[in-house]
Amino acid sequence: MEKEPWKIESRLAQIGSVEEPVTGAVNFPIYQATAFRHPKLGQSTGFDYARTASPTRKVLEAAAAKLESGDAGFACSSGMAALQTIFTLFSQGDHLIVSLDLYGGTYRLLERILSKYGVTATYVDTNNLDELEQSRRPNTKAVFIETPTNPLMMITDIEAVSNWAHRHGLLSIVDNTLLTPFFQRPIELGADIVVHSATKYLGGHNDVLAGLIVTKGKELSEEIAFLHNSIGAVLGPTDSYQLMKGMKTLALRMERHESNATAMAKYLQTHPAVAEVFYPALPDHPGHDIQSRQSRGNTGIFSFKVKDARYVEPVLRHIQLIAFAESLGGVESLMTYPAVQTHADIPEEIRKAVGVDDRLLRFSVGIEHIDDLIADLGGALDAAIKEVEGSSQG
Ligand code: PLP
């Protein structure tokens, strides 16, 4: 692989700025075209039909591949489209080992759709090599990891699991949505495929739905290229442009997300309404050491449990700056209630056994001023205690 001369901050800021040779436009333009003229029979400009390749998307895909230290990038119409494209690598009878705590939509895709095609999954604590070994079957084809997991922030040692996977001829696939290549690059730690909901930190402004896949190795890259084109869940030119525009400021945003989230998590640990905070940046988090080793920084999202489930409704009613909404990774702070939103499709007994219960809130900390965020959530938690205690006494 060619060594990159620039640091990641510079490469992010310069995405698409040298690829337009005709006018020298520093922002690569939106090529709003689906068909491309052939110079003559048997010749192509490299672009024939936009599902297969399109100029704006191609610049984004090349940037994504480099940022994640992979060989090829693929831009999809959503994170779920990216996941579906990857899972289509597998055939009837294949088995996957998957992180126990993971985004509810990924679980739904595996359990409600992939299962219809005879692809099965076993959910384990992917940081426990004994559990991985016990769940491995002759037909196991891959390990799929989220680290940190959404929403409980469990950490998996990517290098250890990828080594284990390769010893057994399995693929190692990592969902890197929560840390982004600015902080963590799973391919450098041995993963074969990285996937993103680019809707989140990469886009960064809650305004573009997108997914990215980055692959390592020629054969795997060709297989995904075939599936990407054949399935057709590709990203359009305008969204590709929007995503690149967001990615240019990724470094600045991630630094601010991390510092705000760390301050917020520390504050919540001291609040009387809060029972537990799940954030790998905190030294007492069980995944803290592994995370510090494999990632340059911490995500801007964490979850916490309030002491009484009755606090949840007033907290969501009283927050004003922080929006009660279902996403993460944007500049605007969002609060999510996983039990009824992102993880509602996971059966209640499984969800609760993992720890996604009725007291859990997920906080995607934005880039607002930290004093305003603390005042907003602190005030809402104080109000919740008052209301619940008032009603218990009354
Ligand atoms: N992976 C993770 C970790 C997510 O949080 C999400 C969405 O929340 C997805 C994948 C799916 O991405 P999208 O909503 O862009 O389809």
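The values are calculated or read from the model by the stated rules, or taken from the named source; none is laboratory data. Predicted model, so just to flag it, every value in this text is computed and none were measured. Here the Cβ is made from the backbone with ideal geometry for all residues, glycine too, and neighbour counts use every protein chain on show. All accessible areas refer to the heavy atoms of the entire protein, side chains included, with ligands and DNA or RNA removed. Shrake-Rupley method; radii C 1.70, N 1.55, O 1.52, S 1.80 Å.
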L220 vs. criteria at negative phi, assigned by TED's automatic domain parsing to the domain that holds Y103, touching a strand residue (DSSP E or B) at 6+ places or on another chain (Cβ under 8 Å) and surrounded by fewer than 19 Cβ atoms within 10 Å (Cβ to Cβ): yes
All positions within the stretch 260-291 that are crowded, with 17+ Cβ neighbours inside 10 Å, touching a residue at least 40 places away in the same chain (Cβ under 8 Å) and closer than 23 Å to F182 by Cβ: N260, A261, M264, F278, Y279, P280, H285, G287, I290, Q291
Matching strands (runs of 3 or more DSSP E) fully within the stretch 290-394 where at least 1 residues are more than 16 Å from the ligand (Cβ to nearest atom): 301-306
Of residues in the stretch 91-134 being hydrophobic (A, V, I, L, M, F, W, C) and surrounded by fewer than 16 Cβ atoms within 10 Å (Cβ to Cβ), the one farthest from the ligand (Cβ to nearest atom): L129
Meets criteria (within 15 Å of the ligand (Cβ to nearest atom), closer than 15 Å to V143 by Cα and assigned to a strand (DSSP E or B)) for V174: yes
Leading residue by the ranking (least open to solvent (accessible area, probe 1.4 Å)) among those in the stretch 7-46 that are of a type in the set (F, W, Y) and under 17 Å from M244 (Cβ atoms): F28
Residue match in the stretch 185-199 (condition: under 14 Å from the mean Cα position of the chain (by Cα), away from the ligand (no atom under 12 Å from the Cβ) and not β-branched (V, I, T)): yes
Boolean, T156 is of a type in the set (S, T, N, Q), closer than 27 Å to A63 by Cα, in a loop (DSSP other than H, G, I, E, B) and touching a Leu at 6+ places or on another chain (Cβ under 9 Å): no
